[in-house]
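Peer 1: I am attaching a structure below and will ask some questions about it afterwards.
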2 protein chains.
Amino acid sequence: MTANIAAAKEALSHLDIEEREAAIRTASRDFFWYSPVLKDRLDHVMADFVVRPKTEAEVIEVLKVCYEHDVPVTTRGAGTGNYGQAMPLAGGCVLHLRNMNAVKEITPGRVVVEPGCLLKELDAACNEQGQEIRMFSSTWDTATVGGFIAGGSGGVGSVHWGSLRDLGNIIRLRVVTMEAEPRVLEFRGEELARVSHAYGTNGIITELELPLAPAYDWVDIFVATDDFPEAMAFADDLANQDGILLKLASVYEAPIAHEYFLRVKPHVEEGTNLVGLMVAPHSMDAFLTFLGRRPEARMIYRSDDHDWPRKPGKIFEYGWNHTTLRALKVDPSITYLQVRYAFPDHRELIEKIRAMFPGGEVMQHLEALRMGGKVAFAGLSMVKFTTEERLNEIIQMHEDAGAMIFNPHRYTLEEGGRQTVDDTQLSFKKEADPKGLLNPGKMIAWDDPDFAYDKMYAYPGMKAAE
Amino acid sequence: MTANIAAAKEALSHLDIEEREAAIRTASRDFFWYSPVLKDRLDHVMADFVVRPKTEAEVIEVLKVCYEHDVPVTTRGAGTGNYGQAMPLAGGCVLHLRNMNAVKEITPGRVVVEPGCLLKELDAACNEQGQEIRMFSSTWDTATVGGFIAGGSGGVGSVHWGSLRDLGNIIRLRVVTMEAEPRVLEFRGEELARVSHAYGTNGIITELELPLAPAYDWVDIFVATDDFPEAMAFADDLANQDGILLKLASVYEAPIAHEYFLRVKPHVEEGTNLVGLMVAPHSMDAFLTFLGRRPEARMIYRSDDHDWPRKPGKIFEYGWNHTTLRALKVDPSITYLQVRYAFPDHRELIEKIRAMFPGGEVMQHLEALRMGGKVAFAGLSMVKFTTEERLNEIIQMHEDAGAMIFNPHRYTLEEGGRQTVDDTQLSFKKEADPKGLLNPGKMIAWDDPDFAYDKMYAYPGMKAAE
């Protein structure tokens, strides 16, 4: 099966096609470079061309043409994913959905939107009706909603609403298949699992229906403690206060705030542990009451009343995957892990793991989130990278201690997930992408059903570096 | 200290005073008759007069006059409490706040309201701005917001927001003291505990500021199971689904639905266990997905799509304290308990207790609610009453098994609560009600600091039956 790139481009020439090399290179990259491992493997990856459909009909046309000419299609929004989700490993076509960005309908509790809409734009539209999206990635300012659903797992808001995979956090997805005659399907309920967080490997999302929450003027807060377990307990216990509405509760072990949060640095010591919070304005009295019960914790910033000469900006842009981004700007050797510390032993497990890395090689960055009704922590631990071997060893140490790792140094769904085959996604790919042209190399179960997960998967169809 | 009733009435004669005996009798009673024990003790209780202030200034005038003439003042809203909260044990004045019912201000996430506003009226006002109160009692249709805050603990909405005592579920209370010169105080934060759920024993609430939630057209649902633990697990597990927004999750052991829910009876068998739910409309797809995973559970009613010839009415009017009310109408021998089954052993504890009463003497009615961030159950168990001795024995059996009882067969704060002195409420009463005129007989710690809690408290100042 050889892609006939030229024929596909010719057939699609009436659409918005990008052929300039620099622009194609830009559109072929996401934030994979968070990982030195992925950077090493994927830095050369480049599509043959980029097409930017404006309508679902154009998406169908692109898929039909690419199917006919055996051209791989990798879909992207803004390309802010860290797992190489949007990297066109086999070249071919990058389907850029940025131009499909209409907010189609907003009613109490729900919105219908096209995938290329920026999270920021979507919230702006919802805000006009006093609503906002339940959760978003820390890349809210630049990321698209389709990219978040297809490539993300949760984020700001997950402390209240749980993860995207939880029932109710996605209502409906409209999907186009990659066949000779592409079909348009509508998925709800159990069917959502076929294509949500599937990296566009088995269908292209052309419309999303998502639940909304009420919009508030969230108060951004930093709380400092000298002791890490106290910072962790503060975030955990606060998130368990049923009457205090939060959107974010992040924990940063010292010296993260002092070393990497440049605008926070003048206000903290090297040994300061930090908690970043978004609190609903009508919960502020209750928050201050909670705070008053904890003399070990001091509020050093609140966005509605402070004297910082330089504002720190949005607090959520310190959390989730932005923490690592800030650290990378200061120290390019930094990379990270994604860890899950499950209730009820999450605090003990974190302390156990923290004790395993006393020298600062691993720095704890935690995000409180609900899992199955209980508050626990996601860890986006920062790691001072030395070698791949050591990184793998650190991951193994986490797993041996009982923490689950979603390895962000792998570009496949399975390795970045639970390291098991997702039969739902696989069987839908068999149906919806029979030629295996959608985002190739990202689903091991499709390429190599007998893969043993004893080493990093290397996609054999990867376009060679030139 | 003898009350000069005549002088007080004279001094207040320009206000809206009720002197007709039948009307005074009505205004001297609440829903104490849920309890045969309280009915036996309090049935004769009657105030000397009722006054209905229209403004805070009038409240101050009433308190000032009653203070001067040593007249007890018992405050009431609609009188829907079950603990005798609003019963004027020592006679005197009933301060009826029904006429102070203004909704003063609604902003995103909060409302300022006077105490006499009906919960229903308050919600109607908030609905105009797409908002609603976080929680309410099942007497929403008739109860006042002030009565709910001063005499209630939680209710419909607690499955999401926890209890009224949780930080953040009350923002501010404005309170008038009972002194020669009444003071007007504003309480927030830690100070709220002084007067919330204090039955008006230490101050009169004249204004409340409460948090709001978004208003939705909640879908009322009944789900049936043949097996009780499956019904309990259904409610518990559903309430732990972070992405499915609920306002109510009640569990009714068989044969409650068949025996006491007359409009439900044609749709269930004697052995049917029932789950009553309020689900946000935008969570319905997710709810149906959850339901589909549980073949043991069948949805027999949804308010937005059903073929019941006679509608059951609001689902929340089957839950919380309305369950007992419905049963009482069918079987006057029914009474109830208020039980707390704490996480994480709540299900096991309930099953243990259920096994202790195999003959139907105690029927399980559970309400899922959040306590300290975890979903657990409040039990409003129904009891077929025989004697006080047996009732006390049943209570003791619950406590011995490890369940906490809030005894609804007692009229004091302590006995209906945690059976300990509330120092915060007591010390504020010393300051705000030095003569002890507010709702006398309801705070044991004031009357009899050495009370041993070995038998039911009998208020010595109780007006004798004539």
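Peer 1: Filter the stretch A:129-154 for residues that are within 14 Å of another protein chain (Cβ to nearest Cβ), under 9 Å from the mean Cα position of the chain (by Cα) and under 16 Å from A:K247 (Cβ atoms) and give the result.
Peer 2: Listed by number, the list holds a single entry, A:G154.
Peer 1: Ok, one more. Closer than 19 Å to A:K39 by Cβ and touching a Leu at 6+ places or on another chain (Cβ under 9 Å): is that true of A:I395 in this structure?
Peer 2: yes
Peer 1: Let me ask something else about it. So, in the stretch A:155-174, exactly how many residues are more than 28 Å from A:D70 (Cα to Cα), away from every other protein chain (no Cβ under 11 Å) and touching a helix residue (DSSP H, G or I) at 6+ places or on another chain (Cβ under 7 Å)?
Peer 2: Of the residues in that region, 1 qualify.
Peer 1: Return yes when B:C126 is under 21 Å from B:L210 (Cα atoms), at pLDDT 95 or above and not assigned by TED's automatic domain parsing to the domain that holds B:E367 and no when it is not.
Peer 2: When the stated conditions are applied, B:C126 passes them.
Peer 1: Here are some residues: B:K463, B:K455. Which one is in contact (Cβ under 8 Å) with a residue 12 or more places away in the chain and among the basic types (K, R)?
Peer 2: Of B:K463, B:K455, the one residue that is in contact (Cβ under 8 Å) with a residue 12 or more places away in the chain and among the basic types (K, R) is B:K463.
Peer 1: Can we say A:E105 is in contact (Cβ under 8 Å) with a residue 12 or more places away in the chain and not β-branched (V, I, T)?
Peer 2: When the stated conditions are applied, A:E105 does not pass them.
Peer 1: Report every pair of residues separated by at least 6 positions or lying on different chains whose Cβ atoms are under 6 Å apart, first residue within the stretch B:360-376 and within 9 Å of chain A (Cβ to nearest Cβ) and under 12 Å from B:A235 (Cα atoms), second among the aliphatic types (A, V, I, L, M) and open to solvent by less than 20 Å² (accessible area, probe 1.4 Å).
Peer 2: B:L369/B:V159; B:L369/B:A378; B:V375/B:A239; B:V375/B:A368
Peer 1: Where the second residue is surrounded by 23 or more Cβ atoms within 10 Å (Cβ to Cβ) and part of a helix (DSSP H, G or I) and the first is within 9 Å of chain B (Cβ to nearest Cβ) and at pLDDT 95 or above and lies in the stretch A:276-293, which pairs have Cβ atoms under 7 Å and are six or more apart or on separate chains?
Peer 2: Short answer, once both residue conditions are applied: A:F290/A:L238.
Peer 1: A further question on this structure: Test B:P211 against the stated conditions and say whether it is open to solvent by 10 Å² or more (accessible area, probe 1.4 Å) and modelled with pLDDT of 95 or more.
Peer 2: Here the answer is no, as B:P211 does not meet what is asked.
Peer 1: Being of a type in the set (A, V, I, L, M) and within 13 Å of another protein chain (Cβ to nearest Cβ) is the requirement here; does B:A257 meet it?
Peer 2: Considered against the rule, which asks whether it is of a type in the set (A, V, I, L, M) and within 13 Å of another protein chain (Cβ to nearest Cβ), B:A257 comes out as no.
Peer 1: Oh, and also: A:E230 is checked against (1) open to solvent by 10 Å² or more (accessible area, probe 1.4 Å); (2) touching a strand residue (DSSP E or B) at 6+ places or on another chain (Cβ under 7 Å) and fails just one. What number does that condition carry?
Peer 2: Among (1) open to solvent by 10 Å² or more (accessible area, probe 1.4 Å); (2) touching a strand residue (DSSP E or B) at 6+ places or on another chain (Cβ under 7 Å), A:E230 violates only (2).
Peer 1: For A:E270, work out the one condition from (1) within 14 Å of chain B (Cβ to nearest Cβ); (2) assigned to a loop (DSSP other than H, G, I, E, B); (3) more than 25 Å from the chain's Cα centre (by Cα) it doesn't fulfil.
Peer 2: Of (1) within 14 Å of chain B (Cβ to nearest Cβ); (2) assigned to a loop (DSSP other than H, G, I, E, B); (3) more than 25 Å from the chain's Cα centre (by Cα), only one is false for A:E270: (1).
Peer 1: Additional query: Which condition breaks for A:Y336 when tested against (1) surrounded by 21 or more Cβ atoms within 10 Å (Cβ to Cβ); (2) closer than 18 Å to A:D236 by Cα; (3) under 18 Å from the mean Cα position of the chain (by Cα)?
Peer 2: Tallying (1) surrounded by 21 or more Cβ atoms within 10 Å (Cβ to Cβ); (2) closer than 18 Å to A:D236 by Cα; (3) under 18 Å from the mean Cα position of the chain (by Cα), A:Y336 fails exactly one: (2).
Peer 1: Can you work out which of the residues in the stretch A:339-362 that are of a type in the set (D, E) and in a helix (DSSP H, G or I) is surrounded by the most Cβ atoms within 10 Å (Cβ to Cβ)?
Peer 2: My answer is A:E351.
Peer 1: Just to be sure I understand, how many residues within the stretch A:194-210 are closer than 25 Å to A:C93 by Cα and either of a type outside the set (V, I, T) or within 14 Å of chain B (Cβ to nearest Cβ) (or both)?
Peer 2: 10
Peer 1: Moving to a separate point now. With A:A86, A:A23, A:A27 as the choices, which residue is touching a Ser or Thr at 6+ places or on another chain (Cβ under 7 Å) and in contact (Cβ under 8 Å) with a residue 24 or more places away in the chain?
Peer 2: A:A86
Peer 1: Filter the stretch A:218-233 down to the residues that are more than 23 Å from the chain's Cα centre (by Cα) and within 14 Å of chain B (Cβ to nearest Cβ) and list them by number.
Peer 2: A:V219, A:A233
Peer 1: I'm trying to understand the selection: among the residues of the stretch B:175-192, which are part of a strand (DSSP E or B) and within 14 Å of chain A (Cβ to nearest Cβ)?
Peer 2: Matches in the stretch B:175-192: B:E186, B:F187, B:R188.
The values are calculated or read from the model by the stated rules, or taken from the named source; none is laboratory data. In this text, all values refer to a predicted model and were calculated from it rather than measured experimentally. As a convention, Cβ positions derive from the backbone with ideal geometry for all residues, glycine included, and neighbour counts pool all protein chains shown. In case anyone asks, the SASA skips ligands and DNA or RNA and just uses the protein heavy atoms, side chains included. Shrake-Rupley method; radii C 1.70, N 1.55, O 1.52, S 1.80 Å.
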